[in-house]
1. Is there any pair linking a residue in region 239-265 that is free of Cβ contacts under 8 Å to residues at least 24 places away in the same chain to one that is of a type in the set (K, R) and open to solvent by 10 Å² or more (accessible area, probe 1.4 Å), with Cβ under 6 Å and at least six apart or on different chains, and which?
2. For region 31-42, which residues satisfy the criterion of being within 20 Å of T6 (Cα to Cα) and either surrounded by fewer than 19 Cβ atoms within 10 Å (Cβ to Cβ) or touching a residue at least 60 places away in the same chain (Cβ under 8 Å) (or both)?
3. For W79, all conditions in the list (1) closer than 25 Å to I170 by Cα; (2) free of Cβ contacts under 8 Å to residues at least 60 places away in the same chain; (3) surrounded by 13 or more Cβ atoms within 10 Å (Cβ to Cβ) hold save one; what is the number of the exception?
4. Tell me which of these I338 doesn't satisfy, since it passes every other one: (1) open to solvent by less than 50 Å² (accessible area, probe 1.4 Å); (2) outside any loop (DSSP other than H, G, I, E, B); (3) touching a strand residue (DSSP E or B) at 6+ places or on another chain (Cβ under 7 Å).
5. Search region 235-264 for residues being over 20 Å from H327 (Cα atoms) and more than 15 Å from the chain's Cα centre (by Cα), and hand back the single one that is most open to solvent (accessible area, probe 1.4 Å).
6. Looking only at region 196-214, decide whether some residue is surrounded by fewer than 19 Cβ atoms within 10 Å (Cβ to Cβ), charged (D, E, K, R), farther than 27 Å from G69 by Cα and at pLDDT below 85.
7. Out of region 87-115, which residues are open to solvent by 70 Å² or more (accessible area, probe 1.4 Å), part of a loop (DSSP other than H, G, I, E, B) and in contact with an Asp or Glu (Cβ under 7 Å, 6 or more places away or on another chain)?
Amino acid sequence: MRVNKTLDVYYHGMKVGTLAETPDKRIAFQYSSEWQKNGFSISPFSLPLRNDVFVPNERSLERFGGLFGVFADSLPDSWGQLLLDRHLETLGITRSGISTLERLAYVGRNGMGALEYLPSKESDFDFKGIGLDFDTIAKECENILSSKESNQLDILFKMGGSSGGTRPKILISENNRDWIIKFPSKSDPEISGKREFDYSLCAKGCGISMTETELIPSTVCEGYFKTERFDRRDGEKIFTITFAALLEADFRAPSCDYETFFKLTKALTKDAIYDKEQLYRIMCFNIAAHNRDDHTKNFSFTHSELNGWKLAPAYDITYSDTYWGEHTTSVNGKGKDITKEDLIKVGCDAGLAEKFCLDCLEEIEEKVKMLDNYLKPNHRKTKEHIHFKERISEINGL
């Protein structure tokens, strides 16, 4: 198989630059002359806007397959990577027989965010009107996770092969709006979809900016979580980059702290108070609601000509744990046993008013009580359990 050694990167039809594989498998990048004149730095700390050939350090080979983080963001994570590997097997291509650049070529124009990679190897399979219901899709996802055969592999690859995260998911468009629908993984309980939906409602009630969310009914579980994509708006692709990419950090390990997150937010948004307050609300919510999967890839920025750099809406907010029993991102040097004083100190050190930090924390602690049936399962009522939807109006009234 002929292996491509270069790949062009595009954004809204304009050539951003070219990726090229070096002899040691690292992927160098150079901006195009047009982009240098009219574009913006797509990764301000690693790829400043100048006429250089940028080569990532050796750690990039292990972390991002030899890429700079901003391009690694376009590659699918566990679920999408599994779909791609299974898809390639049907073409007679082994996992070790494909380069990082070729993986990006299979992403082509369908990656998360706004960057596109040409020449593309993406499939032109048309899945419109396939007639699959969501319970059927969930079953096919389960088959793939269990290494069983699936007769819907092409459909799943086209619908979810570019997606991030570990849980099975598909990407769909409805009425010029783009959505992600998640399905349970092998380790997820049947309530995982409803739980993430309930968390999203509670987070919004706590003043956290999120896109629209829905719960899709199911006959086999309590429902599937559906959320609108923030990297698409009115059919237009929005440039996004994760904190992991900006920091060139390994999101699979506890490698960062919220203090760094605030410094990053201050630097990119020009110390915008709204973005700092949003980050503070998310931090407090993650601690109060036991979302320990708060790694660097679960936070992002968006960029537009009109607004510049802005903190992206919150996402992947749900009950989660880690095998080491601590938050992936530390607070005031702590991964567990985090106190109110720790949270307030981090906020104040970032330039937020102490009163705001205290009021925000107390508000979130009170409203998160609506999630007690997930946070304290041993105390969950059985006969007199009140459905979350019936109580959600109380969130906004507290």
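The values are calculated or read from the model by the stated rules, or taken from the named source; none is laboratory data. Everything quoted here is computed from the prediction, not taken from an experiment. Methodologically, a virtual Cβ is constructed for each residue, glycine included, from the backbone with ideal geometry; neighbour enumeration extends over all protein chains shown. Surface areas here come from the heavy atoms of the whole protein model, side chains and all, with no ligands, DNA or RNA. Shrake-Rupley method; radii C 1.70, N 1.55, O 1.52, S 1.80 Å.
1. Listed pairs, sorted by first residue: none to list.
2. If the condition is that a residue be within 20 Å of T6 (Cα to Cα) and either surrounded by fewer than 19 Cβ atoms within 10 Å (Cβ to Cβ) or touching a residue at least 60 places away in the same chain (Cβ under 8 Å) (or both), then S32, S33, E34, Q36, I42 are the ones that fit.
3. Of (1) closer than 25 Å to I170 by Cα; (2) free of Cβ contacts under 8 Å to residues at least 60 places away in the same chain; (3) surrounded by 13 or more Cβ atoms within 10 Å (Cβ to Cβ), only one is false for W79: (2).
4. Among (1) open to solvent by less than 50 Å² (accessible area, probe 1.4 Å); (2) outside any loop (DSSP other than H, G, I, E, B); (3) touching a strand residue (DSSP E or B) at 6+ places or on another chain (Cβ under 7 Å), the lone unmet condition for I338 is (2).
5. Taking region 235-264 first, the residues over 20 Å from H327 (Cα atoms) are 235-241, 246.
From what is left, the residues that are more than 15 Å from the chain's Cα centre (by Cα) are 235-237.
Working: G235: 52, E236: 96, K237: 38 Å².
Only one residue tops the list, namely E236.
6. There is no residue in region 196-214 that is surrounded by fewer than 19 Cβ atoms within 10 Å (Cβ to Cβ), charged (D, E, K, R), farther than 27 Å from G69 by Cα and at pLDDT below 85.
7. Across region 87-115, the qualifying residue is only R109.
Table: residues versus (1) outside any loop (DSSP other than H, G, I, E, B); (2) closer than 21 Å to I42 by Cα; (3) open to solvent by 20 Å² or more (accessible area, probe 1.4 Å); (4) touching a helix residue (DSSP H, G or I) at 6+ places or on another chain (Cβ under 6 Å).
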site: K297; (1), (2), (3), (4): yes, yes, yes, yes
site: H303; (1), (2), (3), (4): yes, yes, yes, no
site: P313; (1), (2), (3), (4): no, yes, yes, no
site: I317; (1), (2), (3), (4): no, no, no, yes
site: W324; (1), (2), (3), (4): no, no, yes, no
